[in-house]
1. Can you list residues whose amide H is under 5 Å from B:F556's amide H, if they're 5+ apart or on another chain and H is modeled 1.01 Å from N?
2. Relative to the longest principal axis of the C-alpha atoms of chain B, give the angle of the C-alpha long axis of helix B:380-393, reported between 0 and 90° and rounded to the nearest 10°.
3. What shape does chain A have by the C-alpha gyration tensor, where a ≥ b ≥ c are the square roots of the eigenvalues, rounded means a/c under 1.5, and otherwise prolate means a/b greater than b/c and oblate the rest?
4. Going Cα to Cα from A:K313, which aspartates and glutamates come in below 14 Å? Please leave out same-chain ones fewer than 8 positions away.
5. How would you classify the protein assembly as shown from its alpha-carbon gyration tensor, with a ≥ b ≥ c the square roots of the eigenvalues: rounded for a/c under 1.5, else prolate if a/b is greater than b/c, otherwise oblate?
6. Suppose we keep just the DSSP beta bridges with both residues in the protein assembly as shown; what percent of those would be antiparallel, to 5?
7. Give, in nm to one decimal, the length gained when the segment between B:A340 and B:K604 is fully stretched (0.36 nm per residue of separation minus the Cα-Cα distance).
8. Mind listing P(r) for region A:10-99? All alpha-carbon pairs, 5 Å bins, whole percents.
Amino acid sequence: MSIQRQEKKPVTITIDGKECMGSQGETILKIARANGIYIPTMCYLSKVEPIASCRMCVVEVEGVEGMILSCQEKAVDGAVVKTSSKDLYTQRQNIMKLYNVNHPLECGVCDKSGECDLQNKTLEFGISQQSFTTRESHKKVENWGYVSYDPALCIMCEKCVRVSNEITGNEALSISVGGYKSTIVNSKNFTCASLGESAAVCPVGALVNSDFKYTSNAWELKRIPASCAHCSSVCSLNYEVKNDKIYRVTNNFEFSSLCGAGRFGFDFENRNAVKDFEIFREAVSAFKRADTVRFSAVITNEEALILQKLKDKYKYKLVCDEAYGYQQFLKAYGSITGETLYSGDLNSIKESSAVIVFGSRINDDNPMVKYHITMASKRNRARVAYLHPIEDSNIGNIVTQFIKYEAGSEEGVAALLANTLLSSREISPELKSFLDNLDIGNLSAESSVGEEELTALLKSIDKKDRLTFVVGNDIYNHPRAKEIAKLLGAIDKYSDFSFVIVPPATNALGVSLICSLDEKAEGYTVGFNSKGNFELSSLGGGDMDMPALNQQEGTLTNIDKRVVPTNVALNYNGYVLNDIANELGLNAEYTIDYTSDLPVKSGFRSEVFDDLPSYFDNSGFEHRGYLLTSKSMKAAQGFDDIEELPTFDGAIVYNCNENINMNIFTNVTKAFKSDVVYLKGSPQFANIVKLKDGEEIIFSANGTKYKRVFKIDESMKGTIALNPTFDMDLHASLNSSYRFSHLNREQ
Amino acid sequence: MANVFFSTWQGELIDNRNKKEDELQASAFSLPENYTSDKSSKAFIGWDGVALFDKDVDVVRLAMEYAAQYQIYSEACGRCTPGRWGGRILYDLLDKIARGEGSHDDIAHLKEVSSTMMITSKCEIGKTVPKPILDLMEHFAADFNDLIDNQKASRHYNEEINYIAKVTAPCTDMCPSHVDIPAYIEGVRDMQFSESLGATRQTMPLAHTCGRVCPHPCEDACRRANLDSPISIMELKRLGADYETDHGLPWQHPFEPKEPKNDGKKVAIIGAGPAGLTAAYYLALEGIQVDIFEELPVLGGEVAVGVPQYRMPIEKYNKDIVLVTSMPTVNVITNHRVDAARLKEIDSEYDATLLAFGTRLSKKIGAANEKMDMGGYWGAIAMLDKVNLWHKYSTGSPASNELKDKVVVCVGGGFTSMDVVRCSIREGASRVVMLYRRDEKTIIGNTTYEEYHEAVEEGVEFIFHSAIEEIFDDGKNITKLKINQYELVPDPNGGRAQLVKREDGDFEMECDYLIPAVSQSADLQLLPAEWELALTSWETLLTNGKDYMTSRPGLFAAGDCEYGPMTIVNAVGQAKRAASVISKYIYDGKVSLSDDEIMEDHLKKLKVYNKKEKITGWMPGLPRVVSQKLEVDERKDNNKEVNMGFTGEEAVDEAQRCMRCYYISMVAV
């Protein structure tokens, strides 16, 4: 018995005569799959820990009596494994016979038919008749909102429960154990859209998407590999299409996940576009006379490049409210770290043993980041410090320390964090003198972050080896964003934290790297999914139609700093930006001709669109587009003195969309479209604003006027209300302002 | 030994069916031939075979009922294909045969399903349930065939017979608290940490504590040891408790606590140590009013003031304590020393009283010139009180005032002595010596490998096979010790080796502080003499070790004051049982055990763990995961928790090594 931790050594095992390499701790099944060797399973799901309920994956190991469960048993160096034999076949066949006991014969109408693991394995093991029956009881079909559950079809593989617990973290599903009567239960009756992730992994037709149910046979759908348009995670997905209509979204659930918005918010296409040559000519002349082109970051890299090229030619101002603050933030950040890109990615969050989240209501802002924090929390027992002005009860199960700071005090908080996290580090003299001169007591008082909280934070990450710091959307448009960026850059540079600076919109990172952006629009403005004198719109309703992201091919740059391809799922009959660009003197047959022209100096590669891969290999490695290269930049050392921290008294609104209805595009989908938009606040907020639950309120914040219905959320505390903005498509101030603002009620 | 009519238990085949009186064989195992003193058993059937005590047993129905009990047990499982469907089919087919509707095909199907269950089930319960059923089908084939051929119901099919079943596991059986270990390990494996904690708290409220400082007797009964090395059972218990604490979750009780009964019934508990807290918790879960009387200003007993902070951080122990004290019917009175007069008052005021005051008197070592009032002579309990009160509660003064730069000699060999020497290192002693009569292997057996290893790393000198002959003083303080050395001389007749004094082995050693930590005894002064309570030969309260009532009705005793100085987990187990008995006693005035408790005692006698059993179906050679410890230099001058516990990955890896050795057994009465 040794006290010291053992390093992971390589192991070599022989499977069916083939020598296979793996590393200590890897299971036999994992090594087999990585080596292209098939072992049948019913309950195995690569992205979660082994479930071990089906027992199909048993193998024989030389010198070991009995059958070995390959999904859970780790490979021991030198083991000689046999994955098939007469005995193994008999036992697997017997298991399939048991699975078929009383399984309802409703394949003719079952959603899963044609892609059902039970069907496939029944065929594979030649079960032509049901040898056993047993007394059956009635089991009621349950409707859980976006998904529904039929316990009679359920084979109790438990994949859905694992996903709910380990990945999405909604902890909605659990097992009601009762021998033959066991079922999956949703005891708190959650209806959240993240249950779609549990349905996605169901091997049979037990847990299915409510909306898709009985609408199509699986084999009639054409699968279009694409990338999700809704947030900067830009997850890989398939649009499944028939007759120019998307029926559902699927994904490679073995290795990746989607959020509710990605899973169910797919029908945001610009449906009725036509080619109107008159309008096209107007558009061309609008570009020619434009003083400003203003656009939204829900755009491909190629389109962003076209806009930049046109800027070079026509010298207009190029404004992207969503990306400008972010671009400036990255620059200031890089001025300290000396790198153009941040160091971490979603995987580094997942691998972490401690995570700090600062400046984001992360569960709403980026569900995929939240999933990865959940994985770290469950698998690595990660300490998760959540620093924000508003406590979020939705992530109470993963957060180990909530540190509440005053809205507006982020610069002070960043300074306190730098001072705490770098306290025992070798740092530059400039930084040392900056930190030494901080008035900690004052910063602490002003931000309400207590020194004991910081001490507890430091203690909790003591001895943790993989640390990730997640920075979010609240910071990029803070009046002191650049100073905050430098402080965080210093933490990145001098500590062991890797950083993920979450891009605030779908392709905000791509836009920041491709375009030279201007801060303010002026004069005659062409708006591209944005406000302007002449408006190009992917939603329809502008002066001229543009294709939505599910009608387009091109690339996007995601939070992982990966350039990923997306493809056309639905027809689009109108003009595209490339048509206008060609008319304006650029020359490309297709928009994707620009893919190979993306700026290498910003880290892109000259890769041709059609050469970009998009798959996961057997070991789960993502082969999708390519990773950007971070470039060195000149590092500076100066830190500005902390300004007096702004304070917000009274009622405050925080611009924040819920994680399903993320933006203007999700708000046109059937699953999420809402006619009424709710301002959500605590009972205390209701009290100071003198609002009742259900009452209508008109207010302005940062110069934008909102009409909302107020809803009391008993799980909230304090005087800050959540104000969704998904219905406020064309308001520029929204995307370029600090997310917290005073509420000015209009009577 | 048991008288049986037929038995296949653990591979024995005893068949007295056609034997004459003088040819009858008895079973070599302690099978429960008598269920209780006034009730005999008809049959016992379980994971390793079947035993019939009575000629008239209906074997087909016995097999069917056993399969039925597995179905009922599966109410708490059903999480693998062979177990979920196979178990149901076993029961359906056996019932079909027993009621007279079976066919020979059903027998073939039973064998086929049994084979799949035995080879591929997830838990040992699914793997072992078919075993006795197949035994019966083999040895009583005629009975089965008779029912099938004649399509008739088995002979006692419609009679009322009492079948009592119990699920256990070797580790659970060995654990004095009978913690459902496979369940809490499964919770870790599934990363359902709250469920893990809920499973622990069914019988063990001190999850933080026994996830840290339990000597884990369970690990000596872990079947995984038959394959490679035992599961790190104890440390996996921490996960659930830490999860609840880290995430600030509401208390995870094993079940929804019952509403306070407010019926005027109340129980007094003397002592707020592990036993007292445990009894209070389980009584409170039933809604019963409990008052705990504690002599010290702090709660927790020896674990609070005895076990050092670096091993058992008080913040964590306090979580366990608050779990108990936050129960609505638990009331705590601290700084309240109960003496004989007070105990008489309490005894008359309360419906039942549980004595749980531990053993807090340090025993003498028995050396010449041993005077308890000589300077430098410091009992282990008093010394640890001082250390812990200062570090954990900032009460008193630091022990470094006494121990810094001094030579400390401890005489012991158990956990308490380990605490003494390691604390002495932390208080800055210049030299710390442990004298122990026996050898290294024994001290590891008495404590743990980790404990001994860590003490050595921190600089404690262990002198084995040694004892103090005489203490020297200067009239005021201890100055030096005369020490004898012994050697172990094997008995030529193969008996136990004897310790024999080595003639050349005496030596003297300078000493400033001599800390005896040989054992502790109970402070019996608080027992009213006129009660004439029965005591054990080692001066603790005598009970029958099953219901924990003393010789005085309504007065119970649990923990060290009953057993003698023992482990936390032992105190918890006794107190849990006592609470269960008390919760009935205060209503019916009777001392009774539940069927589950009776079975628990039967199984303990039978022994669940079989060291010689060969394990199949698991890959050998996967090492036990060892958690990270603070390095010596990081820990030896402070009170930081030494054991950092498992990382998430390590915990899941270790949990996946667990073979879930659940067994089901059943008695027909």
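Since every read-out is calculated from the coordinates, none of them should be taken as a lab result. Remember, predicted model here, so these are calculated numbers, not experimental data. Positions of Cβ are generated from backbone atoms using ideal geometry, with glycine treated the same way; all protein chains shown enter the neighbour counts.
1. B:T353, B:L354, B:L355, B:T550
2. 90
3. prolate
4. A:D291, A:E583
5. Numbers: a/c = 2.13, a/b = 1.41, b/c = 1.51.
It comes out oblate by the Cα gyration axes.
6. Numbers: 95 of 167 bridges.
Beta bridges within the protein assembly as shown, antiparallel portion: roughly 55 percent.
7. Contour length minus the Cα-Cα distance gives 91.4 nm.
8. The percentages, shortest bin first, are 3, 15, 28, 26, 19, 8, 2, 0.
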